1. Looking at (1) near the ligand (Cβ under 10 Å from one of its atoms); (2) modelled with pLDDT of 95 or more; (3) surrounded by fewer than 16 Cβ atoms within 10 Å (Cβ to Cβ), can you tell me which one Gln74 breaks?
2. Go through the residues of segment 5-20 one by one and say whether even a single one is hydrophobic (A, V, I, L, M, F, W, C) and not in a helix (DSSP H, G or I).
3. List the residue pairs whose Cβ atoms are under 6 Å apart, where the first residue sits in segment 4-19 and is in contact (Cβ under 8 Å) with a residue 40 or more places away in the chain and surrounded by fewer than 16 Cβ atoms within 10 Å (Cβ to Cβ), the second is assigned to a loop (DSSP other than H, G, I, E, B) and hydrophobic (A, V, I, L, M, F, W, C), and the two are 6 or more positions apart or on different chains.
4. If Ile24 meets every condition in (1) buried (at least 16 other Cβ atoms within 10 Å of the Cβ); (2) farther than 28 Å from Ala132 by Cβ; (3) more than 13 Å from the chain's Cα centre (by Cα) apart from one, which number is that one?
5. Kindly list, by first and then second residue, each pair from a residue in segment 125-139 that is within 14 Å of Phe93 (Cβ to Cβ) to a residue that is assigned to a loop (DSSP other than H, G, I, E, B), limited to pairs with Cβ atoms under 6 Å and residues at least 6 apart or on different chains.
6. Would you pick out the residues in segment 47-71 that are near the ligand (Cβ under 7 Å from one of its atoms) and part of a helix (DSSP H, G or I)?
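The values are calculated or read from the model by the stated rules, or taken from the named source; none is laboratory data. Since this is a predicted model, take the numbers as computed values, not measurements. Note: ideal-geometry Cβ built from the backbone for every residue, glycine included; neighbour counts use all protein chains shown.
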Amino acid sequence: MSPKSRAQLTAEVAQRTGIDDTMIDKLVRAFYGRARADALLGPVFASRIADDEWEPHIERINAFWSSVALMTGQYHGRPMQLHVGLPVDGEHFDRWLALWIETARDVCPPVAADHFIEKARMIAQSLELGIAMHNGAMVAPGERYRRGH
Ligand code: HEM
């Protein structure tokens, strides 16, 4: 994608939704504040992210959401690889998404919240599927025969 067309796309989405860096930062901080305090999700975060690692983590997550919500291309990480090793399943993703929806509705105007929620649903679904595949809870079509089951 040429830099110009990306900048145009970003400007269009920003104008339509009202999303900017300040709103992303506010949402992300509010969400991780709640997620860290959550009985199901909190221990998973605490086991991987030490207290003094949270600020850089929040900054990477802000870049991620800038890329996802505004298509700025700021984020260059590999979320799937970071999540496949986590002790999480569908229940964790349901909780994550419920908390994200609740926080987005609390913190953002409705059009922006809808945009953040739609994107999060798609990504959560693909991460959950990736983890299930990784854990062998789901296999690609034909794979079961190949394995002789
Ligand atoms: C089951 C719910 C989830 C849990 C418990 C969880 C937990 C974590 C943890 C512990 C890390 C740090 C991994 C590490 O650096 O070793 C991480 C990274 C990350 N998570 Fe999640 N996550 C969940 C779902 C999601 C979802 C649904 C999204 C996106 C919509 C997301 C976005 C990210 C991103 C972008 C990073 C990587 C940041 C980087 O590049 O360092 N997570 N997550």
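1. So Gln74 meets the others, but not (1).
2. Checked against the condition, which is being hydrophobic (A, V, I, L, M, F, W, C) and not in a helix (DSSP H, G or I), segment 5-20 yields at least one hit.
3. Partner pairs satisfying both residue conditions: Leu9/Met71.
4. (3)
5. Ala132/Met138
6. Arg48, His57, Arg60, Ile61, Phe64, listed by residue number.
Rundown of residues vs (1) part of a helix (DSSP H, G or I); (2) over 18 Å from Gly130 (Cβ atoms); (3) near the ligand (Cβ under 9 Å from one of its atoms); (4) without any contact (Cβ under 8 Å) to a residue 60 or more places away in the chain, yes/no style:
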| position | (1), (2), (3), (4) |
| --- | --- |
| Ala30 | yes, yes, no, no |
| Gly33 | yes, yes, no, yes |
| Phe45 | yes, yes, yes, yes |
| Leu82 | yes, no, yes, yes |
| Asp94 | yes, no, yes, yes |
